[in-house]
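Okay, so here's the structure we're looking at.
Every number here is computed from the coordinates shown, using simple stated rules; none is lab data. Keep in mind that this is a model prediction, so the values were computed, not measured. Quick reminder, even Gly has a Cβ in these numbers, built from the backbone with ideal geometry, and neighbours come from all protein chains shown.
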Amino acid sequence: MSRRRVNPPFRAEHVGSLLRPFELFQKRKQFEAGQCSIEELKAAEDSAIKAVVQMQQETGIKAITDGETRRGFYFEGVFNKLEGMTFVPNRPLTEYKPYIPFVVLFSAMGLKEFPSIYCTGKIKRTEPWYTEQFIALKHLVPPEDVKNLKVTMCPPTWFHQRHGSKLTYDLSVYENDDEYFTDLAKAYQEEIQDLYDLGCRNIQFDDATFCFFCDERMVSGMKALGDDYETLLDTYVRAINTAVKGRPADMTVGVHMCRGNFTGGLHYAEGGYARIAQKVFTELDVDCLYLEYDTHRAGDFQPLKFLPLDKVAVLGLVTTKSSKLEDIETLKARINEAAEILSKEGIPSRSKEAALDQLCISPQCGFASVWEGNPLSEQDQREKLRLVVETAKQVWGGMV
């Protein structure tokens, strides 16, 4: 029997975002229509977060989040708060890399422009990103549970992959990617330290860039334009590693590798982790990897053989893209299959018990990475989380 985990990630996890309660939807509409104040909206957000925290506690989830309830999109609150970054509300799609999966989709839909960020000056973190939200969240749990709370944020690679080096930053400000990512990393380090000082011990980067590298359509598009796939992948691994460099030893950092979770649960990318696993699983300086495994487009478990002995893989076996509830015996069988591959084919090899100890289970993504959320009800969401917890209890035994 694998031992109980006392630090994140826990046997039963979830990726972060949760459906916004109906009352908050209504209040947000009123605010946008000028029918209520920002103070009234914040009060509604506070009430909604209290409710989603209680829901997580009732289902048995330990790594509690605020559900990203104060955000319209999961990546909000980082780049838009940095000095040196300029919001471009109508950026032409011609300034995006045409092979990026969501750009392909938007082009097919006839879109000509899409909002983005452009770096016009030296990057500085002049205000916190999520410290205020974390303070509010930690007041909703017992003091002994504060260390388990999870803060989610977009990675430093966000925006760069969609535009490339020439159109992500002003070349008179930064001459190359190393300069750009060095200053950006400093901002991340400052935020992580401030969160740590407030009691945060659990941070998760939500990263779509790595799974985009798994999509053959994108790789072919990169080759056609002469963009170096391997060099860019190295750059993104290094960008995250630099951002988390020097973090306290008791700070858990994870990366969720996402294939897209837009309005209605729409995905963008397809393809298993085989193309990136050896490099990303071994070289990324994080403690855990949240991996999507809810459909065939995620590939098989073979890439898990590259999981190092000091990392944990959180298997996203339960989909958030539909209300259909998975079969618990099938979930248990899939976890066992992953453990078998990790033990028999792992580099280095390990016992079945050790392999199982490196695994956890979660939904494959958040329930509401964007404001509208996925096509499930709040009751569906609750049942999905309960299923994750019950599966973990039956696989690993006892408390999760």
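Just from its helices, what would the mean residue ellipticity at 222 nm be for the chain, if runs of 4 or more DSSP H residues each count -39500 (n - 2.57) and the sum is divided by every residue, rounded to the nearest 500 deg cm²/dmol?
My calculation for the chain gives -12000 deg cm²/dmol from helical runs alone.
Averaging over all projection directions, find the projected area of the Cα convex hull of region 6-129 and quote it in nm² with one decimal place.
11.2
If you find the alpha carbon centre of region 149-221 and of region 336-369, how far apart are they in angstrom?
Region 149-221 and region 336-369 have Cα centres spaced 26 Å from each other.
Is there a pair in K311/K344; K81/K245; K97/K245; K50/K321; K62/K344; K81/K166 whose C-alpha atoms are over 26 Å apart, and which pairs would that be?
K97/K245; K62/K344
Relative contact order of the chain, please, whole-number percent, based on alpha carbon pairs below 8 angstrom and at least 6 residues apart.
Relative contact order here is 21 percent.
How big is the shadow of the Cα convex hull of the chain, averaged over all directions, in nm²?
18.6
Multiply the residue gap between E337 and T282 by 0.36 nm, knock off their C-alpha separation, and tell me the result in nm, one decimal place.
Full extension of this stretch gives 17.7 nm more.
Could you estimate the translational diffusion coefficient of region 146-194 from the Stokes-Einstein equation, with Rh from the Kirkwood formula over C-alpha pairs, at 37 °C and 0.692 mPa s, in whole µm²/s?
265
What is the Cα centroid distance between region 1-78 and region 239-318, reported in whole angstrom?
23
Where the only charges are on Cβ atoms (+1 Lys, Arg; -1 Asp, Glu), what is the dipole of the chain about its Cα centre, to the nearest 20 debye?
With only Lys, Arg, Asp and Glu charged at Cβ, the dipole is about 540 debye.
Ranked highest first by the average count of other Cβ atoms within 10 Å around their residues, in what order do 338-345, 217-224 fall?
338-345, 217-224
Please list, in order, the residues from region 111-129 whose amide nitrogen is less than 14 Å from a point placed 7 Å along the Cα→Cβ vector of S172.
120-122
Pick out, from Y169, A136, Y188, the residue whose Cα sits farthest towards the positive end of the charge dipole of region 127-197, with +1 on the Cβ of Lys and Arg and -1 on the Cβ of Asp and Glu.
Ranked along the dipole, the leading option is A136.
How big, on average over all directions, is the shadow cast by the Cα convex hull of region 269-385, in nm²?
For region 269-385, averaging the hull's shadow over all directions gives 7.6 nm².
Taking +1 at the Cβ of each Lys and Arg and -1 at the Cβ of each Asp and Glu, which of F10, Q26, L41 sits farthest along the dipole of region 1-42 towards its positive end, judged by Cα position relative to the Cα centre?
Looking along the dipole axis, the top candidate is F10.
Which residue fluctuates the most in the chain, going by a Gaussian network model with Cα springs under 10 Å, if the choices are C214, C36, C119?
Most flexible of the set in this elastic network: C36.
Could you tell me which of L376, A392, F205 has its Cα farthest along the dipole of the chain towards the positive end, charges placed at Cβ (Lys, Arg +1; Asp, Glu -1), taken about the Cα centre?
Result: A392.
Would you mind working out the magnitude of the charge dipole of region 96-247 relative to its Cα centre, with +1 at each Lys and Arg C-beta and -1 at each Asp and Glu C-beta, to the nearest 20 Debye?
The dipole magnitude comes to about 180 debye.
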